[in-house]
Amino acid sequence: MAATFRGTTPEPPDVRPRLTVLSGPSGVGKSTVVAHMRKEHPEVWLSVSATTRKPRPGEKHGVHYFFVTDEEMDKLIANGELLEWAEFAGNRYGTPRAAVLERLEAGEPVLLEIDLQGARQVRESMADAQLVFLAPPSWEELVRRLTGRGTEPPEVIERRLEAAKIELAAEPEFDVTLVNTSVEDVARELLALMDVV
Ligand SMILES: Nc1ncnc2c1ncn2[C@@H]1O[C@H](COP(=O)(O)OP(=O)(O)OP(=O)(O)O)[C@@H](O)[C@H]1O
Ligand SMILES: Nc1nc2c(ncn2[C@@H]2O[C@H](COP(=O)(O)O)[C@@H](O)[C@H]2O)c(=O)[nH]1
């Protein structure tokens, strides 16, 4: 299992945090890992974010995101309905607060897949959250994955890669780093960190 941990394999804490945040540069494979993990462990509850980004082909409202207008996002923010929110590569994204708190209250394992700015906000508001950084095996592989996904035009890829440089530099702020060489290995390690298996 230690194969994809960078640095020392962390000791399991005595009391596991129940909220886990998965972050990492765009294209590193966060959604792929989470989808793989939830196929076998649907009991892991993944927060569905609100975003002003337009849906990609195949993305469904309420499943992949709540796709909202700028005005709707303004209201969510103004009404304090988001646990955290950030602007990323020209769009806004945020985590609906109520659903997360309900699931935590019910004692369920809760996962957020969000960017660095959001992870920092969660660290501030929920000190016992576990912050996991997903790193690419190399910069070249990150570029290959983001480009190869084929969902963004070149100028958006450029913006995301600029953001990726900042995100990669912030790796030491996280509790654990997993290197996404193998989706299966990382999914298994994430489940273990969440105390699901
Ligand atoms: N371990 C891996 N090896 C090879 N390719 C991978 C691996 N993990 C993910 N990928 C591929 O990399 C691309 C990006 O993955 P994914 O969309 O999951 O990234 P992401 O981190 O969720 O991106 P974003 O933050 O932009 O939403 C996809 O085409 C996916 O199939
Ligand atoms: N701070 C937040 N970041 C979020 C949230 N939901 C998703 N994200 C992150 O945005 C980027 C881009 O996502 P994409 O779907 O457009 O590729 C990526 O890093 C996501 O993790 C959120 O609620 N808050």
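Laboratory data are not the source of any read-out in this text; all were calculated from the coordinates shown. Note that the coordinates shown come from a computational prediction; the quantities given were computed from them, not determined experimentally. We place every Cβ from the backbone using ideal geometry, glycine too, and count neighbours over all the protein chains shown.
Observations
- Taking the convex hull of Cα positions in region 104-197, its mean projected area over all directions (nm²): 7.1 nm²
- Restricting attention to the chain, close to 35% of DSSP beta bridges with both partner residues there are antiparallel.
- Of the beta bridges in region 33-100, as assigned by DSSP with both residues counted there, near 75 percent are antiparallel.
- For the chain, a Gaussian network of Cα nodes joined below 10 Å ranks GLY107, GLY58, GLY150 by mean-square fluctuation, and the top entry is GLY58.
- Between THR181 and GLU155, the FRET efficiency from the beta-carbon distance, with R0 = 25 Å, is close to 0.30.
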